[in-house]
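*Asks:* First the structure, which I've put down as structure tokens, then a few questions once you've had a look.
The values are calculated or read from the model by the stated rules, or taken from the named source; none is laboratory data. What you see is a predicted model, and the numbers here were worked out from it, not measured in a lab. So basically every Cβ, Gly included, is an ideal-geometry build from the backbone, and we count neighbours across all protein chains shown. Accessible surface is based on the protein model in full, side chains and every heavy atom, while ligands, DNA and RNA are left aside. Shrake-Rupley method; radii C 1.70, N 1.55, O 1.52, S 1.80 Å.
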Amino acid sequence: MHTSSENYNNSNEYTDFLINDETKEAEIFKMDTVTFIKKYDANSRNLRKRKIYPIAKRLHMESICVVSKLHELPWYKYLEYSILSCTLMPLRVIVAGFSIVICYFFMMTVVLFEGLEKKHINNPNSEHYGKPVHRIPKVKWRRYIINFLSKSTSKFIMFFGLGFYNVKVKDLRKKDKIDWIRTTPLISGLANALQCIYVNPNKKTGLTHEISARAKESEKYDLPPFAIFPEGTTTNGTHLIDFRYGAFRPFVPVQPIAIKYKYKYYNPSYVVDKGFKYALKTAMQFKNDLEIVFLPVVELETEEEKTDIEVWTEKNYQILAKELDIPLDRLCSRPQKMFYLDYVRGKCDFETAEKEIYKIYNQRLEEYKKKSNKTIKS
């Protein structure tokens, strides 16, 4: 799955710097660090004074940077936000919080006496002995209730809590394909009931093995749908960054889903703003637009696709890129993003961010060159 964002406001898009100007764009990379910092206020203590676009361009973070457009708001928008912040926004926060608590209560009731540890995990006689919770099938009636609660609550929160009134769904799949992908944007203990796989991006936890095992066992047991965001992180939706190979290691058919946000002032892609701040800003929008596109299931058609992870990943990457119709960013990754976020949040200076980001960028550049040469030779 991938998220894309479309900005309605094409005029004045680059208010502090016109990066489409080839002369100025070349100038960004020719400057030494000290000159660049001075010209674009890259280390200004006032984060709003920093010239976001040229800085993002120099750090190769165009896929990540998000710029506030509050200075472009017409006068009536300030009035609208003032009214919404005192009326609709608090109501939405209460509704969303209350919905999560109610859903959590009912889900925990459903799984309360399930006893997976005694029946399976710690039982040597069980075929599921030693397996993590997400790979153990649930009784059908429990699965039915969990599916109903998660789907109903997520739709309720998206509509009443975050203001996604205009949600368009395009289903481009063949009619004989099974609808096995669902999205359930809930949190905390609900993940156990939904049998999610926990991910710690900073540690090697055998995630690729768990993904492969879960995908293969889903064909044998009654396990819930398994959704993955193959980029391994979130972006601002203006570019499609490279996919991680681990998401495609199982070598099974894939159901691609493209999620497109349309906005004018606040980009609802979850990138810079943290959880609660993001929810508040999204809730303050009177309405948010979202389009979900279900593409045809991608099958493994050739022997190369069935055995070569690069070929199989690239096939899925190109299919989503064509649907989203946005530029490709092959060299951006989560580690670079985290250094960039530390910088824009004022946790480190520009020199440190530039050094660390370029270290990873150059490594990825070399890897991409080797990959390209391999493709040309073959």
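*Asks:* For the stretch 345-359, give me the residue count where each residue is crowded, with 21+ Cβ neighbours inside 10 Å and under 22 Å from the mean Cα position of the chain (by Cα).
*Replies:* Total satisfying the criteria: 1.
*Asks:* Say whether the condition of being in a helix (DSSP H, G or I), touching a Leu at 6+ places or on another chain (Cβ under 9 Å) and open to solvent by less than 60 Å² (accessible area, probe 1.4 Å) is met by at least one residue in the stretch 291-309.
*Replies:* Let us first name the residues in the stretch 291-309 that are in a helix (DSSP H, G or I), namely 303-307, 309.
Adding the requirement that they be touching a Leu at 6+ places or on another chain (Cβ under 9 Å) leaves 306.
Now restrict to residues that are open to solvent by less than 60 Å² (accessible area, probe 1.4 Å): none.
No: zero hits.
*Asks:* Still on this model: Does L341 qualify as being part of a helix (DSSP H, G or I), open to solvent by less than 60 Å² (accessible area, probe 1.4 Å) and of a type in the set (A, V, I, L, M)?
*Replies:* Values: part of a helix (DSSP H, G or I): yes; open to solvent by less than 60 Å² (accessible area, probe 1.4 Å): yes; of a type in the set (A, V, I, L, M): yes.
It is true that L341 is part of a helix (DSSP H, G or I), open to solvent by less than 60 Å² (accessible area, probe 1.4 Å) and of a type in the set (A, V, I, L, M).
*Asks:* Shifting gears a bit: Which numbered condition trips up S154, out of (1) open to solvent by less than 80 Å² (accessible area, probe 1.4 Å); (2) of a type in the set (S, T, N, Q); (3) over 30 Å from K260 (Cα atoms)?
*Replies:* Single failed check for S154: (3).
*Asks:* Right, next: Among (1) outside any helix (DSSP H, G or I); (2) surrounded by fewer than 18 Cβ atoms within 10 Å (Cβ to Cβ); (3) touching a Lys or Arg at 6+ places or on another chain (Cβ under 6 Å), where does Y221 come up short?
*Replies:* Condition not satisfied by Y221: (3).
*Asks:* Name, by its number, the condition in (1) in contact with a Pro (Cβ under 8 Å, 6 or more places away or on another chain); (2) closer than 27 Å to A56 by Cβ; (3) open to solvent by 60 Å² or more (accessible area, probe 1.4 Å) that does not hold for K322.
*Replies:* Result: K322 passes all but (1).
*Asks:* I've got another one for you. Quickly run through the stretch 226-280 and pick out the residues that are open to solvent by less than 40 Å² (accessible area, probe 1.4 Å), under 19 Å from E62 (Cα atoms) and among the aromatic types (F, W, Y).
*Replies:* Matches in the stretch 226-280: F243, Y261, Y263, Y265, Y266.
*Asks:* Can you name the residue in the stretch 247-274 that is hydroxyl-bearing (S, T, Y) and assigned to a loop (DSSP other than H, G, I, E, B) and is also farthest from L162 (Cα to Cα) among such residues?
*Replies:* Top of the filtered list is Y265.
*Asks:* Filter the stretch 320-338 down to residues that are assigned to a loop (DSSP other than H, G, I, E, B) and of a type outside the set (K, R), then give me how many there are.
*Replies:* We begin by selecting, within the stretch 320-338, every residue assigned to a loop (DSSP other than H, G, I, E, B); these are 325-327, 330-333.
Now drop any that are not of a type outside the set (K, R), which leaves 325-327, 331-333.
Count: 6.
*Asks:* When only residues in the stretch 6-53 that are at pLDDT 60 or above, surrounded by fewer than 16 Cβ atoms within 10 Å (Cβ to Cβ) and among the β-branched types (V, I, T) count, which is nearest to the chain's Cα centre (by Cα)?
*Replies:* Looking at the filtered set, the residue picked out is T33.
*Asks:* Related question: Please state which one of T282, T234 is touching a residue at least 12 places away in the same chain (Cβ under 8 Å) and either part of a helix (DSSP H, G or I) or of a type in the set (K, R) (or both).
*Replies:* Within the list T282, T234, the selection yields T282.
*Asks:* Which one of N288, N316 is modelled with pLDDT of 90 or more and either closer than 21 Å to T238 by Cα or open to solvent by less than 30 Å² (accessible area, probe 1.4 Å) (or both)?
*Replies:* Values: N288 fails: modelled with pLDDT of 90 or more.
Answer to the selection: N316.
*Asks:* Now for a different question. What pairs come out if I take residues in the stretch 115-137 that are within 16 Å of I211 (Cα to Cα) and pair them with residues that are of a type in the set (D, E) whose C-beta lies under 8 Å away, six or more apart or interchain?
*Replies:* That search, which allows pairs on different chains as well, returns P132/E210; H134/E210; R135/E210; R135/E217; P137/D222.
*Asks:* Another question, then. For the stretch 110-137, how many residues meet the condition of being over 30 Å from the mean Cα position of the chain (by Cα) and not small (G, A, S)?
*Replies:* So the first thing to find is which residues in the stretch 110-137 are over 30 Å from the mean Cα position of the chain (by Cα), and the list is 112-130.
From the residues that got through so far, the ones that are not small (G, A, S) too are 112-114, 116-125, 127-129.
Within the stretch 110-137, residues that are over 30 Å from the mean Cα position of the chain (by Cα) and not small (G, A, S) number 16.
*Asks:* Can you tell me how many residues within the stretch 325-338 are of a type in the set (G, A, S) and surrounded by fewer than 16 Cβ atoms within 10 Å (Cβ to Cβ)?
*Replies:* Qualifying residue count, the stretch 325-338: 0.
*Asks:* Is it the case that the stretch 106-113 has a residue that's of a type outside the set (A, V, I, L, M, F, W, C) and either surrounded by 13 or more Cβ atoms within 10 Å (Cβ to Cβ) or at positive phi (or both)?
*Replies:* No, because not a single residue in the stretch 106-113 is of a type outside the set (A, V, I, L, M, F, W, C) and either surrounded by 13 or more Cβ atoms within 10 Å (Cβ to Cβ) or at positive phi (or both).
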